[in-house]
Structures are given as C-alpha cells and as structure tokens.
C-alpha cells in the first residue's frame with residue numbers, strides 16, 4: 001500500500017512539475033493558440049502542456065519495467081516506444097505543424113508496437129480458428145488504436161473536457177481491474193489517473209495552458225491500451241472498455257460520418273462536434289464538461305455495473321448505449337441549431 005501511494009504521489013508531482021515547465025517553455029517559444037473562428041476559446045493560451053502527462057506515463061512504464069517480472073520487459077519497452085513515438089509526433093505538430101500522412105504513419109507504427117506489446121490474442125476474445133479471423137481482429141484492433149489517438153485529439157477543443165474524460169476512463173477501468181483482482185493493471189491505471197488529475201488545475205476552470213497534440217494524441221493511445229489490457233482480464237465483461245469510452249466515441253464518430261456524408265473535408269479544423277455546438281449555443285465550458293460527465297455517471301456507470309454483475313460479454317448493452325448516444329447526439333445538435341437560429345433572429349430584430 002505504501003508503494004502504491006508513493007507511486008500515485010510521484011506520478012502526480014511529475015505531471016504537475018513538467019506541465020508547469022511546459023507553460024514556461026511555451027511562452028518563451030511563442031507556442032500560443034490565438035482565438036479564431038474555428039476555436040472555442042477567447043484568450044491567447046499556451047499549448048503543449050500535455051507533455052507533463054506524457055513524461056509521467058513514460059515514468060510509469062519505466063517503473064513497471066523494474067517492478068514487473070522480466071518476461072514482461074520486451075512488451076513494456078514496445079509500449080514505452082509507442083507512447084514516445086505518438087508524443088514526439090504531437091510535439092513536432094505543436095511546434096510547426098506536420099502533414100496528415102506523416103502523423104498517420106507514426107500512429108499506425110505505434111499501433112503495431114502496442115499490438116505486439118500486448119501479445120494480442122484474438123482467439124481469447126473472438127471464438128473460432130486463428131488464421132484469417134485472427135488477422136481481421138488484429139487489423140480492426142490496429143484501426144481502433146489509430147482512431148482512439150485521433151478522436152481524442154479531435155475532442156480536445158474546450159477547457160477540461162479531455163482531461164476529465166480520460167480521468168473517468170482510467171478510474172472506471174481501474175476499479176473494474178481492482179475488483180477482478182488484476183492488481184498490476186489497476187495500479188497502472190490509477191497512476192495514469194493521477195498524472196491526468198495533475199494537469200486539470202492548469203486547464204480547468206481557467207485555462208493556463210492547453211494540452212496540445214503532444215498530450216491529446218498520447219492520451220488517446222493510453223486509453224486504447226487501457227481498453228486492450230482490460231480485454232485480457234477474463235473476469236471483466238469484454239465490452240466494458242467500449243462502454244466506458246462511449247461519450248467521446250459517439251461524438252467523434254457521428255461528427256466524422258456527418259462531415260463525410262456532406263462532402264466536407266473531415267480532417268480539417270472545424271467546430272462541429274456536439275460539445276462545440278453546445279458552447280456555440282451558449283453553454284459554458286464547465287457546463288459542457290458537466291453534460292458529458294452526467295452521461296458517464298448516469299448511463300455508463302450503471303451499465304458497467306450491470307454487465308459485470310450479470311456475466312456475459314456485454315455486447316448487447318454496449319450496442320444499446322451507443323444507439324442511445326447517437327440518438328442524443330442528433331437531438332442535441334438539432335436543439336443547438338434551433339437555439340442559435342432563434343438567437344440570430346432575436347439579435348436581428350433588436
């Protein structure tokens with residue numbers, strides 16, 4: 001227990017200290033996000049503060065290399081390299097921008113490292129022969145990791161939303177791992193949660209720094225790794241991870257499909273996620289974060305409890321959660337559009 005507490009405190013302090021140094025660095029290098037048409041903030045704010053979470057995560061993985069059995073060392077090294085690669089690409093992008101193709105190449109390389117590191121065995125998740133089915137599931141897992149990296153980057157657009165969501169995911173999956181007796185995974189997730197918690201005061205409610213691509217992309221990878229590690233714990237319903245991540249997956253995926261259907265450049269900067277529409281309709285950043293946390297606490301937590309208490313894979317409840325999320329996304333966006341039109345008519349009449 002003493003080691004556990006010391007680890008949490010160390011993770012928190014490393015993240016907080018490096019974030020503070022990151023703010024000083026960003027100010028010196030003029031790494032500033034200025035307000036604009038496609039941004040949701042109103043004051044110039046330094047970016048790249050997520051480097052604190054990155055350093056803490058690398059510190060955690062390095063600690064596992066020392067404490068866990070030597071058999072796990074190659075896998076941990078591969079995971080460490082994957083996190084470092086995504087963070088490095090994000091760091092470069094925060095400084096001078098990077099072409100989409102180079103970012104995606106790095107993300108796929110990182111996903112390959114993670115799949116190797118976790119010794120992913122689809123036969124333990126999807127019954128059937130290994131051959132072709134195994135290749136399909138590994139391919140889908142790789143695409144899922146790349147999508148996780150990018151969707152968390154897309155969802156990092158207002159104060160606090162990504163940090164609170166990541167903290168919830170790590171806390172929920174960590175609690176499930178602890179309940180299932182997977183102590184190493186629970187320790188890992190708790191330490192990551194402490195690193196994210198240390199960043200929140202710098203970003204919410206008054207943003208002193210933004211996470212930047214270095215932090216958002218890395219958090220997306222860490223969330224993807226957490227979901228895959230949870231799949232290896234037999235006592236946890238396999239669908240638990242996708243249920244925990246539903247708030248962000250629904251918003252990012254619905255927005256992506258919507259933009260592609262309308263012929264928009266889906267990869268370009270925009271303000272068309274539901275959380276951005278809520279802000280444009282007049283809700284504060286804190287209010288929007290509250291909406292997403294209400295979903296997590298009132299929908300996700302009860303469903304997680306039901307699927308893990310009742311046994312089974314949890315696939316049907318997960319599908320129900322996502323269908324409800326899609327319906328609420330459509331309803332919420334229409335309500336925002338209606339409210340904004342009403343506001344414009346009111347201002348025009350005035």
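The values are calculated or read from the model by the stated rules, or taken from the named source; none is laboratory data. Predicted, not measured: the structure shown is a model, and the values here were computed from it. FYI the Cβ positions are ideal-geometry reconstructions off the backbone, even for glycines, and counts take in every protein chain you see.
Quick notes on this structure:
- Residue match in region 74-81 (condition: in contact with a helix residue (DSSP H, G or I) (Cβ under 6 Å, 6 or more places away or on another chain), without any contact (Cβ under 8 Å) to a residue 40 or more places away in the chain, crowded, with 16+ Cβ neighbours inside 10 Å and under 20 Å from residue 189 (Cβ atoms)): yes
- Filter result for residue 247 (in a helix (DSSP H, G or I), farther than 25 Å from residue 108 by Cα and either touching a residue at least 60 places away in the same chain (Cβ under 8 Å) or touching a strand residue (DSSP E or B) at 6+ places or on another chain (Cβ under 8 Å) (or both)): no
- Qualifying residues in region 307-346 (those that are more than 22 Å from the chain's Cα centre (by Cα) and within 12 Å of residue 242 (Cβ to Cβ)) - the one modelled with the lowest pLDDT: 313
- Residue check, residue 233 part of a loop (DSSP other than H, G, I, E, B), surrounded by fewer than 20 Cβ atoms within 10 Å (Cβ to Cβ) and at pLDDT below 95: yes
- For region 179-223, residues that are surrounded by fewer than 20 Cβ atoms within 10 Å (Cβ to Cβ) and modelled with pLDDT of 95 or more total 2.
- Residue 304 closer than 30 Å to residue 27 by Cα and modelled with pLDDT of 95 or more: no
- Residue within region 19-28 that is in contact with a helix residue (DSSP H, G or I) (Cβ under 6 Å, 6 or more places away or on another chain), farther than 18 Å from residue 195 by Cβ and at pLDDT 95 or above present: no
- Positions within region 277-292 being touching a residue at least 24 places away in the same chain (Cβ under 8 Å), in contact with a helix residue (DSSP H, G or I) (Cβ under 9 Å, 6 or more places away or on another chain), part of a helix (DSSP H, G or I) and surrounded by fewer than 18 Cβ atoms within 10 Å (Cβ to Cβ), in sequence order: 280
- Pairs with Cβ under 6 Å, 6+ apart, first in region 87-99 and in contact (Cβ under 8 Å) with a residue 12 or more places away in the chain, second surrounded by 16 or more Cβ atoms within 10 Å (Cβ to Cβ) and assigned to a loop (DSSP other than H, G, I, E, B): 94/47; 94/48
- Residue list for region 293-321, filter: surrounded by 15 or more Cβ atoms within 10 Å (Cβ to Cβ) and farther than 23 Å from residue 234 by Cα: 293, 295, 296, 299
- Of all residues in region 18-37, those that are over 13 Å from residue 208 (Cβ atoms) and under 22 Å from the mean Cα position of the chain (by Cα) total 1.
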